[in-house]
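One structure is given here, and the rest of the page talks about it.
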Amino acid sequence: MTRYYEVARHLFCVTAEAEDFRLMGNYGPFGCEAGDAVFSLTIADGKPVSYTEELRQEDEGQEIICGHKADGRAVFEYRWQGAVAGWLVCNNDYREARLVMTGHYRKLAIDNALMVMFALATADKGTALFHAAVVSRQGRGYMFLGKSGTGKSTHARLWLQYIEGSELVNDDNPVVRDGVVYGSPWSGKTPCYRSVSFPLGGIVMLSQAPYNKIRRLNGIEAYAALVPSISGKRWDSRIADGLHMTENTLAMTVPIWHLECLPDEEAAQICKSTVESGQL
């Protein structure tokens, strides 16, 4: 069976067996009618895929091995705790792909394959998938960036606890398109799968410190703050150019801040008052 989903006004479709769709409850709020899809993914069990390895990424027990087949198609191999979950094989234009499954960690493989396909297929369409936490307040979204462990989710929770009217949009994988931040079917340790959108009121890069201090970033500093938090492998000029345009546009049009902070109420209050007022 085939089902369609819409994230950040981009449609994509998935063809799979019923057992796999039962694992995809987080995609329910994003279900939609059939339409012109930016990419399609077919999920099925199969034999190991042969390819040439080019890059490895490891994070909290997860390993992603990236490479290419002899015909040039990109391959992503997913492993958890040493077990291979599957291989994502993408067509050269990233409009079609198949996920070859082994039977291990099926949901993790499906979620990771769809995140990769979404990031790659929309990179030249003014769209970026971020590693960030996002809250909304009074009709605007505020996105918190930072290295793993810097407290993005913690700072978002401080807003929810201490800033009246705040709501969580996404805990780890929001999508930004044309200055608007969208919820997505992918989240972090806090499940949050909301099909909502808000104009971006500000982007805040976090770093831990024994004090609370915030300052506005401009020019190359603002651009550089965005790059590490955007998903998408830049081994293709189309992808690299598209992400560069998105990063450059955001750096010029959305206020970007650096918050050195403690994990406390004062940090949330200073951040809120600054980004909402736009003061330098």
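The values are calculated or read from the model by the stated rules, or taken from the named source; none is laboratory data. Model, not experiment: these values are computed from the prediction. Note that we place each Cβ from the backbone using ideal geometry, even for glycine, and neighbour counts take in every protein chain shown. Side chains are part of the model used for accessible areas, which takes the heavy atoms of the whole protein and leaves out ligands, DNA and RNA. Shrake-Rupley method; radii C 1.70, N 1.55, O 1.52, S 1.80 Å.
Being farther than 30 Å from Gly165 by Cβ, open to solvent by less than 40 Å² (accessible area, probe 1.4 Å) and of a type in the set (A, V, I, L, M, F, W, C) is a description that applies to Phe76. Selection of region 1-18 for residues being touching a helix residue (DSSP H, G or I) at 6+ places or on another chain (Cβ under 8 Å), open to solvent by 10 Å² or more (accessible area, probe 1.4 Å) and over 21 Å from Ser197 (Cα atoms) yields Met1, Arg3.
Note on region 114-226: enclosed strands (runs of 3 or more DSSP E) holding 2 or more residues that are over 16 Å from the mean Cα position of the chain (by Cα) and surrounded by 15 or more Cβ atoms within 10 Å (Cβ to Cβ) are 133-137, 197-208, 213-217. When Asp71 is tested against (1) in a loop (DSSP other than H, G, I, E, B); (2) touching a Cys at 6+ places or on another chain (Cβ under 8 Å), only condition (2) is not met. Among the conditions (1) in a loop (DSSP other than H, G, I, E, B); (2) surrounded by 11 or more Cβ atoms within 10 Å (Cβ to Cβ), the only one that Thr42 does not satisfy is (1).
Within region 237-253, residues that are more than 15 Å from Gly202 (Cβ to Cβ) sit with their Cβ atoms under 8 Å from residues that are part of a helix (DSSP H, G or I) and open to solvent by less than 70 Å² (accessible area, probe 1.4 Å), at 6+ positions apart or across chains, in these pairs: Ile239/Leu120; Glu247/Tyr223; Glu247/Leu226; Glu247/Val227; Asn248/Tyr223.
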